[in-house]
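Chemist: A single structure is presented below for examination.
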Amino acid sequence: ETVDLRPTTIAGYRGALNLILEPANELTTVDALPGLVVGYKERANGARIFNLARAAALSFARHTIGKRDEVYKAVRDDVQPRRYRPKQTTGVSVERAREIAEAAGPIIGRMWWSMCVTGMRPSEYLSGDWEVEGIRVLIHGTKTGGAERVVPLVQPIVTPVFLYKKFRADLRTVAPDVTPRTARKSYAAWMEQAQIPRTRRRRYLGHKRRDVTDIYEDFPVETFLETDRIALRKYLGKVPGALRKVG
């Protein structure tokens, strides 16, 4: 089985797997993997990091010894994930997003607004793995089955200048209540307020098909780009004042 993973996901898996293998030595074999995962579960600093490490161990076992091997099954069935409640982030209103863009200045503000009007994930936007083509933005995401997608170009967007850590830190200096991902949540809410149908909203966000409605409403997004672009532009109004020189 071949799975395309983002470079950041691969790097995360490698780091997590190294944490599991800390007690191992040159005599350790793959048969010890379930016990190593159990040991790491006891010393992991938080549920989320352990669950990532467990996923990395399963991925390693799947691609080295296969899913039918007893070692893989032992990790999968005998070492359960730890429960955790992820932080729930919600979007902000257009007015609040505009205030943040103005306060953040021409660099951070433009980056923030670019994410707000495209709904890109932080990893998608900041990697630069997207391009503008006419009235559309082509996003080459890999996180889900629908991540490779096209969204309407609602307002001008800019290429990111900073990486995630600085972008997030600078953004929070002017808006402690938001993160880069808040922009994506806001975009989702704005599309709903602009009365864009659910199926098209899911396509623009890069979600997988979820139910029979998505299957029966299978149509080319290109057909609706201009309609949805106009609806969103009308809902959003003008580009924030400090950003209007963006070409």
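Chemist: Which of the peptides 234-240, 132-138 is most tightly packed, and how do the rest follow, going by the mean number of other Cβ atoms within 10 Å of each residue?
Modeler: Order by mean packing, descending: 234-240, 132-138.
Chemist: Now for a separate question. Under a point spin-label approximation (7 Å from Cα along Cα-to-Cβ), what is the ARG68-VAL30 distance to one decimal in nm?
Modeler: Taking the simple label geometry, ARG68 and VAL30 are separated by 1.4 nm.
Chemist: How would ILE107, ILE196 line up by accessible area, probe 1.4 Å, largest first?
Modeler: Correct descending sequence by accessible area is ILE107, ILE196.
Chemist: Can you tell me the order of 113-122, 12-21, 222-231 when each peptide is scored by its average per-residue count of other Cβ atoms within 10 angstrom, highest first?
Modeler: By packing density, highest mean first, the sequence is 113-122, 12-21, 222-231.
Chemist: Which links in LYS41/LYS67; LYS165/LYS234; LYS166/LYS238; LYS165/LYS185 stretch past 24 Å when you go from one Cα to the other?
Modeler: Long pairs (Cα-Cα over 24 Å): LYS165/LYS234; LYS166/LYS238.
Chemist: In square angstrom, what is the accessible area per residue of region 133-203 with a 1.4 angstrom probe?
Modeler: Accessible surface, normalised per residue, equals 47 Å².
The values are calculated or read from the model by the stated rules, or taken from the named source; none is laboratory data. Note that the structure is a prediction, hence the values are computed from the model and not measured. With ideal geometry, Cβ positions are generated from the backbone for all residues, glycine too; neighbour counts draw on all protein chains shown. What goes into the accessible areas is simple: the full protein's heavy atoms, side chains included, and nothing from ligands, DNA or RNA. Shrake-Rupley method; radii C 1.70, N 1.55, O 1.52, S 1.80 Å.
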